[in-house]
1. Any chance you could run the full-extension gain for Gln78 through Ile198? It's 0.36 nm times the residue separation minus the Cα-Cα distance, nm to one decimal.
2. State the Cα centre-to-centre distance between segment 187-243 and segment 123-157 in whole Å.
3. From the cross-link list Lys86/Lys247; Lys90/Lys247; Lys35/Lys259; Lys37/Lys259; Lys90/Lys237; Lys86/Lys253, which pairs have alpha carbons spaced over 27 Å apart?
4. Angle between the Cα long axis of helix 233-280 and the longest principal axis of the chain, 0 to 90 degrees, nearest 10?
5. Per DSSP H run of at least 4 residues, take -39500 (n - 2.57); add these up for the chain, divide by its residues and hand me the 222 nm value, nearest 500 deg cm²/dmol.
6. In nanometres, what is the gap between the two model label sites at Asp60 and Thr224, each 7 Å from Cα along Cα-to-Cβ?
7. Starting from the 7 Å offset along Cα-to-Cβ, what nm value, one decimal, do you get for the label separation of Thr254 and Val101?
8. Picking from Thr254, Val116, Ile273, whose Cα lies most toward the positive end of the charge dipole for the chain (charges on Cβ: Lys, Arg +1; Asp, Glu -1)?
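What follows draws every value from the coordinates through simple rules; no lab data is involved. These figures come from a predicted structure and were not determined experimentally. Because the Cβ atoms are built from the backbone with ideal geometry, glycine has one as well, and the counts that use them run over all protein chains shown.
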Amino acid sequence: MFNVVIKSLKNNSALTACAMAMFMAACSGGGAADKAKELYNQAEQLDEAGEYQSALALLDSIDRAYPAAVDVRREAMQLRPRVLEKLTVKQLEAADSIAAVDAWHLDSLSKLTHRVANPVESYIVPSAEGHVNVSTTAGLHARMAPDGRFYLIASSPEHISMTSFSLSSEGDAIQAPAVAYDGERNDRSGAVDVITYIEGECQEVGEFILNHRNAPVTVTYNGTRSVSRPLSDAQRKGMADLFETSKLIRARKTQELEKQRLERMLQAVRSQIARTTRDTIPE
């Protein structure tokens, strides 16, 4: 167990420095103030080295471990918001960088899609699926709502009272959930059986296609009997592109929320720094 912990620490230089500093302070002689000061000095060094999270961990440990070291704790309280400010700025820069890359990728993928006007709700399809009638064309038809929700329409090659389908590629396989016949989501009124899979039911299917976007994929339509057909290259690549687009849209929403959180934190930390500076100016 000890070896596992040591190995884990070696994989993170910042955590190693933090752990060693706490260990040395705990083992060294002297009173609480001296030990607390050792941790504070280590935190300063980590701060200067850009290891902000480890510096914060040490500063927090001073407050918990040495409550009697009042003077050192006061120094730590003044240093902590400045370290947190640097960490938050660093995280914001990283978030902006990731958002910029994702925005470029999303823009390139948007050129491979087509928006279809609909009286109920417009939707987005791969370019190759722009004018496909799902009631007469067998296969898997990818769809995405304007807000990024990915969903899927499965059309059987013939009437088999279809209730589900499965995919196989390169030795891997996945089974889509069964959808009982109801005349709506599972519709058999057209030339073929058509099942609409909502967002929560086709995420694993989307991931499967994304992972096998450059390999042949076989679709097996299951009903009173099973019928297998290769998924066309256009449908496979189009589905992969649209599913990736959906993932990026959702990721950007999460990134924006995280960025707003970091900006609020930065504002609060800078206000705290201003108050701390005011409080420490000699009269």
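1. 37.9 nm is the gain from fully extending Gln78 to Ile198.
2. What the calculation gives is 10 Å, centre to centre.
3. As for pairs spanning more than 27 Å Cα to Cα, those are Lys86/Lys247; Lys35/Lys259; Lys37/Lys259; Lys90/Lys237.
4. Roughly 20 degrees, rounded to the nearest 10.
5. Only helices count here, giving -19000 deg cm²/dmol.
6. Placing both labels 7 Å beyond Cα along the Cβ direction yields 6.4 nm.
7. Here the answer is 1.5 nm between the modelled labels.
8. So the residue furthest toward the plus end is Ile273.
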